[in-house]
Amino acid sequence: MNADPTLDPGLRSWVAVSEGSDFPIQNLPYGVFSRGDEPPRVGVAIGELALDLGELALGGLLDDLPVRPEVFLADSLNPFMVLGREAWRAVRERISGVLAEGDRRVRDAGLADRALVPIGEARLHLPFRPGDFVDFYSSLEHATNLGRMFRPEGDPLLPNWRHLPVAYHGRSATVVVSGTPVRRPIGQTSPGGADPVPGWGPSRLLDFELEVAFVTGPGNPLGEPIPIDRVGEHIFGLVLVSDWSARDIQRWEYQPLGPFLGKSFATSVSPWVVTMDALAPWRVAPPPQNPEPLPYLRTDEPWGLDVGLEVALAPEGAADATVISRTSLRGLYWTVAQQLAHATSNGASTRPGDLFASGTVSGSEPGSQGSMIELTEGGRRPLELPGGASRGFLEDGDTVVLHGWCEAPGRPRIGFGEVRGRILPADVR
């Protein structure tokens with residue numbers, strides 16, 4: 001197989017890209033943005049700029065590709081995702097080519113000023129319309145940590161955990177783009193003491209969950225599973241996810257059917273979708289699985305992903321956010337390939353834009369846990385922050401910021417941007 005020229009570490013762009021940027025020419029993540037009163041359209045990030053693919057299409061620079069111009073004038077990536085890997089790669093190669101150092105097509109067509117928009121001056125939108133949202137429970141460390149809290153006298157892992165990627169369906173209507181404020185939810189909580197009546201009011205145990213999610217492309221017809229050796233045709237790319245959780249509401253409601261109001265109030269995603277093509281150099285062998293999975297979940301492909309992850313927390317009024325957790329996606333027990341193969345193994349269909357999240361990603365070392373409930377041992381050991389603040393769980397006015405990136409010697413950094421969310425007080429009307 002020929003090397004992918006879009007991944008050449010020596011490739012440079014005529015667009016200025018600062019050292020250490022999340023968005024070098026080797027990345028080219030897709031998003032949806034607007035400027036002023038203009039409608040949203042599709043673009044890719046390059047350095048501190050967004051390249052407007054609608055302008056490129058209208059200017060004739062994409063005419064010979066298997067993509068209609070209106071695909072890039074849409075308000076989501078869904079019309080592009082449905083086209084499949086052949087179209088995705090053709091567009092990526094063209095974008096890489098016109099942005100490469102020495103190429104003058106964009107400038108000679110008089111499009112540079114119009115097609116390159118400072119990201120800081122644009123409004124970033126939810127990049128896709130998620131018809132469905134699935135949240136997995138794929139981190140061995142996270143599942144073990146919570147199992148020890150909830151079942152201190154028993155095995156932290158339930159019998160099914162090592163045999164299948166456990167998951168639940170979330171509420172796709174409350175998936176929002178980074179920067180959208182998060183309203184503290186209200187709900188029922190478990191009765192206290194001898195009182196048989198549950199409580200009702202704002203959650204007191206509000207949490208984040210550090211996750212990474214994949215977004216699907218063409219989809220499969222109902223009744224036709226996606227075999228694990230073909231999942232690569234259906235995974236468009238990855239985003240960072242902060243899946244907000246109200247632990248007290250969840251604790252009261254989740255048995256026997258699982259999370260509902262404690263999880264459905266907000267899920268924040270990053271505005272740029274990093275494609276699987278851009279991530280190819282960071283695919284690695286996943287951790288060993290014991291026992292060996294059933295045949296439909298087995299593959300020899302390296303579906304592990306070496307993505308560094310970080311969470312920072314800033315109380316209201318703080319000048320800077322403090323990093324409270326660092327971990328990696330590399331150790332995720334159940335891979336994205338196994339997640340998609342399992343999710344469709346019963347014949348369930350997927351559609352362009354469906355979102356499949358990893359579940360909380362945690363490590364085994366102190367400070368590598370991906371949620372407050374783990375970092376503070378259920379609030380019993382609050383985090384000490386600069387300025388004298390401490391946190392067992394999130395308070396109103398707190399801002400949580402997630403980052404993700406891939407780095408290796410001799411290669412440009414491939415970043416995901418950020419997921420940012422500020423907690424607003426509950427609406428108690």
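The values are calculated or read from the model by the stated rules, or taken from the named source; none is laboratory data. These numbers come from a predicted model, not from an experiment. A quick note on method: Cβ atoms are made from the backbone with ideal geometry, for glycine too, and the neighbour counts reach across all protein chains shown.
Tabulated values for the structure
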{"quantity": "Selection status of residue 114, closer than 20 Å to residue 282 by Cα and assigned to a helix (DSSP H, G or I)", "calculated": "no"}
{"quantity": "Residue identified as out of contact with any helix residue (DSSP H, G or I) (no Cβ under 7 Å at 6 or more places or on another chain), closer than 26 Å to residue 271 by Cα and part of a loop (DSSP other than H, G, I, E, B) among 102, 179", "calculated": "179"}
{"quantity": "Members of the range 132-157 found to be free of Cβ contacts under 8 Å to residues at least 60 places away in the same chain and either surrounded by fewer than 13 Cβ atoms within 10 Å (Cβ to Cβ) or among the β-branched types (Val, Ile, Thr) (or both), listed by number", "calculated": "144, 150, 151, 152, 153, 154, 155"}
{"quantity": "Per-region count, the range 158-203, residues over 23 Å from residue 133 (Cα atoms), crowded, with 18+ Cβ neighbours inside 10 Å and without any contact (Cβ under 8 Å) to a residue 60 or more places away in the chain", "calculated": "0"}
{"quantity": "Residue check for residue 167: in the same structural domain as residue 377 (by TED's automatic domain parsing) and in contact with a strand residue (DSSP E or B) (Cβ under 9 Å, 6 or more places away or on another chain)", "calculated": "yes"}
{"quantity": "Meets criteria (part of a loop (DSSP other than H, G, I, E, B) and either of a type in the set (Lys, Arg) or assigned by TED's automatic domain parsing to the domain that holds residue 162 (or both)) for residue 367", "calculated": "yes"}
{"quantity": "Any hit, the range 85-107, residues being touching a His at 6+ places or on another chain (Cβ under 8 Å) and surrounded by 16 or more Cβ atoms within 10 Å (Cβ to Cβ)", "calculated": "no"}
{"quantity": "The range 206-241, subset within 12 Å of residue 269 (Cα to Cα) and of a type in the set (D, E, K, R), residue surrounded by the most Cβ atoms within 10 Å (Cβ to Cβ)", "calculated": "211"}
{"quantity": "Whichever residue in the range 120-157 is assigned to a loop (DSSP other than H, G, I, E, B) and among the basic types (Lys, Arg) and, among such residues, is farthest from residue 344 (Cα to Cα)", "calculated": "151"}
{"quantity": "Residue list for the range 189-220, restricted to those being farther than 23 Å from residue 348 by Cα, assigned to a strand (DSSP E or B), among the hydrophobic types (A, V, I, L, M, F, W, C) and in contact with a Phe, Trp or Tyr (Cβ under 6 Å, 6 or more places away or on another chain)", "calculated": "206"}
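Residue-wise test of (1) over 17 Å from residue 258 (Cβ atoms); (2) more than 17 Å from the chain's Cα centre (by Cα).
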position	(1), (2)
128	yes, no
135	no, no
146	no, yes
155	yes, yes
161	no, yes
170	no, no
179	yes, no
192	yes, yes
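Each row is one residue, and each column tells you yes or no for (1) out of contact with any helix residue (DSSP H, G or I) (no Cβ under 9 Å at 6 or more places or on another chain); (2) in contact (Cβ under 8 Å) with a residue 40 or more places away in the chain; (3) within 21 Å of residue 159 (Cα to Cα); (4) crowded, with 16+ Cβ neighbours inside 10 Å.
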site	(1), (2), (3), (4)
265	no, yes, no, yes
275	no, yes, no, yes
289	no, yes, yes, yes
294	yes, yes, yes, no
350	no, yes, no, yes
